[in-house]
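To keep things clear, I will list the structure first and then write my remarks on it.
The values are calculated or read from the model by the stated rules, or taken from the named source; none is laboratory data. Since the model is a prediction, treat every value here as computed from it, not as a measurement. Don't worry about glycine lacking a Cβ; one is built from the backbone with ideal geometry, like all the others, and counts go over all protein chains shown. In case anyone asks, the SASA skips ligands and DNA or RNA and just uses the protein heavy atoms, side chains included. Shrake-Rupley method; radii C 1.70, N 1.55, O 1.52, S 1.80 Å.
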Amino acid sequence: MEKVEALVELKKNKTAMAGLILICFLLILALIGPWISPHPPLVPDPINRLKGPSWSHPFGTDSLGRDILSRVIYGSRISIIIGLIAVSISLVPGTILGLLSGFYGRKVDEPIMRGMDIMLAFPAILLAIFITAILGPSLLNTMIAVGIVYIPHYARIVRSSVLSLKEQLFVQAVRSLGGSNLRIIFLHIFPNTIPPIIVYATLGMGTAVLQAAALGFLGLGAQPPTPEWGAMLSEGRQYIQNAPHVAAFPGIAIFMLVLGFNLFGDGLRDILDPSLR
Amino acid sequence: MKRGKLLFVIFMGLMVIPSLVLAQTPVKGGTLTWGRGGDSVTLDLAQATDGESIKGGIQVLENLVIFKKDSMDVEPQLATSWEVSKDGLVWTFKLRKGVKFHDGTPFNANAVKVSFDRVIDKNHPFYKYGTWRYPALGLGPVKEVKVIDEYTVTLRTEKPYAPLVANLALWLCPILSPAAIEKYKEDIGRNPVGTGPFKFVKWIKDDQIIVERNDDYWGQKSHLDRIILKSIPEVSARFMALQSGAVDIADDLDPDSIQMAKANPNFKIIERPSVNIGYLAMNTKKPILSNKLVRQAISHAIDKQTIINTIFRGLAIPALNPFPPSMWGYNFKIKDYEYNVQKAKDLLAKAGYPKGFDTELWAMPVSRAYMPEPVKTAELIQGYLATVGINAKIVRYEWGVYLDKTAKGEHDLCMLGWLGGNADPDNFLYGLLHSDNAKPPAANIAFWENAEFGKLVKEAQTIFGKEKRAPYYLKTQEIFHEEAPWVPLAHSTIVRIYNKKLHDVPLRPNGLNSFQMIWKEK
């Protein structure tokens, strides 16, 4: 019943729907990319370099003559995968740490949360740069870096819900029925922390895509010739005076995807957060 | 109406003529701001390995001899004349009299001895104050420096060494004030004291270096009051600084900016072939690449002309020998491996790799005149290799790490280049391809060891006279071509773009440019 209600709410929420449509559009693009992209994304065609938008190259070509539309389409796969994996990397450990820390309090809570505080004290991008510098620049390491950086955020959110949940009657009921701690944490408290996690994860996808693009822009992310949006943007910067389309289209693509996740995340929060109703 | 226009044009023309005439007489004074890609590492050029250090140091320091303005022959600078003994071992230099260092110390034979001994003599008290780079290219062959009298000094080499005087004109052999070396010790590189037309004033790290006119200069005094060498690492920012007038000269612009600058009447442009090479080295110590057929296949698979059109925007010529055709000893008979996919595939099949193989392609992280956009070049090469079935993964490291790891031979294919300061074939052939330099840390990063090549290069070092040495070098280039340890890619054209208010701006192929003669319109 609750699920149906939420779906109805979602349909009513215009912001969320707009975000969802944007995400779905890019997702479909990513899925059918290989069939619809007009040119191979990696093959250089130096004679046609830096051509402006035309019928055969709707988004123009980059400095090596590669079709920007095709690269943006393939880039959508990379960015969406980065978002998903980076968020999963922060989500799983973050949730577990938050659950343990919130539930057991004091002795467990202190070391975990102070550790998280230290991570939070670093500017996110600096920490991500630091991690990629250690691991070496690659797409996988970008995802790991972005993922690690956001672990504390999830830990905090989960912990704060656990703190209020564990005082509630149903938890005490399970406990008096003889339920073990782990059972209480994972079967009874965890399901109730899911709504805020979903909201935060959706918003986090947008942030992760941006962070990964920033690392790509700095040359620490996907390595050439991978069509990663941040790296494409960085390359285009050099031609901003005479071929602005090279930077513009990957920039618009990043903007659309991040906007999609943000709108959808905001809408979800309106629906799932009872306090905002 | 038409007549009115004509009269107007004539009138304007008359107005312009006097200013044109005036413009040709050098104006004294003014500050030149010089935008460049990075800061200097040191201004003690005996310790310098990079172009940015040389740009600064060469304004302040002078050598015994200097390359002529328009050729690679040398002429006197702090030495007035020199001769070599019959056995070819002892070189005697007569020194210029009445020259003073910027700190007032007189220039004499002792200054030469101290400046050189600190580099070559491990027991010299000043030896420990520096890290002496590339000695083999500079003072390395010199075994002893002797003061004969106040203004005469001799250099003795162990074996006859023909390129010695050309070496002395390199940035690596500057004469510094002995008093200053003693005073500043390790910090001499941050406080250079020489005899040049400009005096060092101030260095703000990663920002700017300031030098001022030396009013006591022994020769033609500079017109400019001051030069500010300003670091602007971002290419587009550097070009914008030139467009806005914030800098008078912008170095190392990318080819697309150069195209835009050419269309702008406010700028003047000089283009000149450089004595450099950008190349793809194939690590011959790796099992697959040790096979000559594979290396030849790779040579056939890469379309240099397209790389030049795309990356260099035509500002380069395809390379086929290890050094450029503007240098003596160049072998014009060699025909390049032409771009031919089928031939490359056939050679690969013959070598036993009909389906190709996996390899790593190391791309430089920084751009250099010989390799303006290394990563894009790597992407193009990657594309070419893919068409013959070679799957190359692009590998990037930070510049220092890159040089370190390639010198250790960790790479398969890697990109690098060289600017041959003294324009002597030996500088390229011995330095970059001889087996002496194929041991880590290697300069021969193809790790190519060829006995016949090595023997010819060594023999040519001991012979005097270009005409006599040339045949050896012609032969070595044949061996190099056949064995293909590199794919030579391009000899780039160097370009200087500057505000049209500047006059007499130098652009030397070897990168050794003193700004002594520049003057600036008010």
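With the dipole of the protein assembly as shown worked out from charges on the C-beta (+1 for Lys and Arg, -1 for Asp and Glu) around the Cα centre, which of B:Val201, B:Leu253, A:Ile125 lies farthest toward the positive end?
B:Leu253
HN-Hα J couplings of segment B:73-80 from phi, Karplus 6.51/-1.76/1.60, θ = phi - 60°, integer Hz, Gly and Pro as x?
My calculation for segment B:73-80 gives 7, 9, 9, x, 10, 7, 8, 9 Hz in order.
Could you compute how much accessible surface B:Lys202 exposes when probed at 1.4 Å, giving the result in Å² to the nearest 10?
Surface accessible to solvent at B:Lys202 totals approximately 100 Å².
Gap in Å between the Cα centre of segment B:462-481 and the Cα centre of segment B:181-223?
Cα centroid of segment B:181-223 versus Cα centroid of segment B:462-481: 40 Å apart.
Where does chain A land on the Kirkwood hydrodynamic radius, alpha-carbon pairs, in angstrom?
20.4 Å
How large is the charge dipole for the protein assembly as shown, taken about the Cα centre, if only the Cβ atoms of Lys, Arg (+1) and Asp, Glu (-1) carry charge, to the nearest 20 debye?
Working: 87 positive and 72 negative charges, 164 e Å.
For the protein assembly as shown, the charge dipole is close to 780 debye.
Pop out the carbon and sulfur fraction of the accessible area of segment B:176-278 as a percent, whole number, probe 1.4 Å.
The C+S portion of the solvent-accessible surface of segment B:176-278 is 47 percent.
Would you compute, from DSSP H runs of 4+ residues alone, the mean residue ellipticity of chain B at 222 nm, taking -39500 (n - 2.57) per run and dividing by the full residue count, rounded to the nearest 500?
Using -39500 (n - 2.57) per qualifying helix, the result is -9500 deg cm²/dmol.
At a 1.4 Å probe, what is the % contribution of carbon and sulfur to the accessible area of segment B:48-106?
Carbon and sulfur atoms account for 51 percent of the accessible area of segment B:48-106.
Go through B:Tyr370, B:Tyr279 and list them by solvent-accessible area, largest first, probe radius 1.4 Å.
Ranking B:Tyr370, B:Tyr279 by accessible area, largest first, yields B:Tyr370, B:Tyr279.
If a/c stays under 1.5 just call it rounded; otherwise compare a/b with b/c (prolate if a/b is bigger, oblate if not). Do that for segment B:364-425, with a ≥ b ≥ c from the square roots of the Cα gyration tensor eigenvalues.
prolate
At a Cα cut-off below 18 Å, give the lysines reachable from B:Lys408, other chains included and same-chain residues fewer than 8 away excluded.
B:Lys285, B:Lys286, B:Lys439
What residues qualify as long-range amide H neighbours of B:Trp362, i.e. H under 5 Å apart, gap of 5 or more or another chain, H built at 1.01 Å from N?
B:Val395, B:Asp412, B:Leu413, B:Cys414, B:Met415
Where the accessible area of segment A:1-152 is counted over protein heavy atoms with a 1.4 Å probe, how much of it, in %, is carbon and sulfur?
With neighbouring chains kept in place, the figure for segment A:1-152 is 76 percent.
Keeping all protein chains in place, calculate the accessible area per residue for chain A (probe 1.4 angstrom), answer in Å². Don't skip to the end; give the middle numbers.
On the way: 13290 Å² over 277 residues.
Computed with neighbouring chains in place, this is 48 Å² per residue.
Note down the accessible area of B:Ser222, probe 1.4 Å, to the nearest 10 Å².
0 Å²
With 22 Å as the cut-off, how large is the P(r) tail for segment A:167-276, expressed as percent of Cα-Cα pairs? The partial results should precede the final answer.
Details: 3260 of 5995 pairs.
Summing the P(r) of segment A:167-276 above 22 Å gives 54 percent of all pairs.
Taking every alpha carbon pair in segment A:107-172, what does the distance histogram look like in 10 angstrom bins from 0, in percent?
20, 37, 26, 12, 5
Whose amide H sits under 5 Å from the amide H of B:Ile66, counting only residues 5 or more places off or on another chain, with H placed in the peptide plane?
Sorted by chain and number, the residues that satisfy this are B:Glu75, B:Gln77.
What do you reckon, how do B:Trp82, A:Trp35, B:Trp132 stack up by accessible area (1.4 Å probe), largest on top?
The most accessible residue leads, giving A:Trp35, B:Trp82, B:Trp132.
Calculate the tail of P(r) for segment B:407-522: the fraction of all Cα-Cα distances greater than 17 Å, expressed in %. Before the final figure, lay out the partial values.
Details: 4329 of 6670 pairs.
Cα-Cα pairs of segment B:407-522 separated by over 17 Å account for 65 percent.
In Å, what Kirkwood hydrodynamic radius results for segment A:1-83 from the alpha-carbon pair distances?
14.7 Å
If you look at just the Cα atoms of segment B:17-97, how large are its Rg and its Dmax in Å?
18.5, 60
Semi-axes of the equivalent ellipsoid of segment B:309-417: what are they in whole Å, largest first, if each equals the square root of 5 times a C-alpha gyration tensor eigenvalue? Could the numbers behind the result be given before it?
On the way: eigenvalues 105, 95, 40 Å².
Result for segment B:309-417: semi-axes of 23, 22, 14 Å.
Output wanted: per-residue J couplings in Hz (rounded whole) for segment A:81-96, from phi through Karplus 6.51 cos²θ - 1.76 cosθ + 1.60, θ = phi - 60°, x for Gly and Pro.
5, 4, x, 4, 5, 4, 5, 4, 5, 7, 5, 5, x, x, 5, 4
Between the alpha-carbon centers of segment B:371-424 and segment A:127-159, tell me the distance in whole angstrom.
That distance is 30 Å.
I'd like to check one number: the per residue accessible area of segment B:122-222, probe 1.4 Å, reported in Å² as a whole number.
So segment B:122-222 comes to 46 Å² accessible per residue, rounded to a whole number.
Indicate the gyration tensor shape class of segment B:299-344 (rounded, prolate or oblate), computed on the Cα atoms with a ≥ b ≥ c the square roots of the eigenvalues: a/c under 1.5 is rounded; otherwise a/b larger than b/c is prolate and the rest oblate.
oblate
Based on the alpha-carbon gyration tensor of segment B:37-81, what equivalent-ellipsoid semi-axes (square roots of 5 times the eigenvalues) come out, in whole Å, largest first?
23, 12, 8
Per-residue HN-Hα couplings for segment B:390-399, Karplus 6.51 cos²θ - 1.76 cosθ + 1.60 at θ = phi - 60°, whole Hz, x for Gly and Pro?
Coupling constants for segment B:390-399: 8, 9, 9, 9, 7, 10, 10, 9, 5, 3 Hz.
In peptide A:44-50, what is the residue-averaged number of other protein chain Cβ atoms found within 10 Å of each Cβ?
Per-residue shielding by partner chains comes out at 5.
Compare B:Cys173, A:Cys24 by solvent-accessible area with a 1.4 Å probe and give them largest first, with all protein chains kept in place.
Greatest to least solvent exposure: A:Cys24, B:Cys173.
Pop out a list of residues from segment B:300-318 that are at least 50 Å² less accessible with all the protein chains around than in their chain alone; 1.4 Å probe, no ligands or nucleic acids counted.
Listed in order, they are B:Thr310.
Could you tell me the total accessible area buried at the A-B interface, probe 1.4 Å, in square angstrom to the nearest hundred?
Interface area, both chains combined: 1700 Å², rounded to the nearest 100.
Hey, can you grab everything whose amide H is under 5 Å from the amide H of B:Phe101? Only 5+ residues off in sequence or another chain; H modelled, so Pro and N-termini drop out.
Hits under the 5 Å cutoff: B:Phe107.
With the cut-off at 1.5 for a/c, could you classify chain B from its C-alpha gyration tensor as rounded, prolate or oblate?
Values: a/c = 1.88, a/b = 1.17, b/c = 1.61.
Here chain B falls in the oblate category.
Which parts of segment B:229-256, residue by residue, lose 50 Å² or more of accessible area when the rest of the protein chains are there, as against the chain isolated (1.4 Å probe)?
B:Asp256
Calculate the translational D of segment B:286-366 in whole µm² s⁻¹ from Stokes-Einstein, where the hydrodynamic radius comes from the Kirkwood formula applied to all Cα pairs, the temperature is 20 °C and the viscosity 1.002 mPa s.
Working: Rh = 14.6 Å.
Estimated diffusion coefficient is 147 µm²/s.
Using bins 10 angstrom wide from zero, how does P(r) for segment B:179-242 break down, in % of all Cα pairs?
The calculated distribution, bin by bin, is 20, 37, 32, 11, 1.
I need the fraction of alpha carbon pairs in the protein assembly as shown separated by more than 35 Å, rounded to a whole percent.
Result for the distance tail: 59 percent.
Dividing the convex hull volume of the alpha carbon atoms of segment B:210-254 by its residue count, what do you get in Å³ per residue?
Considering the Cα atoms of segment B:210-254, their hull volume per residue is 89 Å³.
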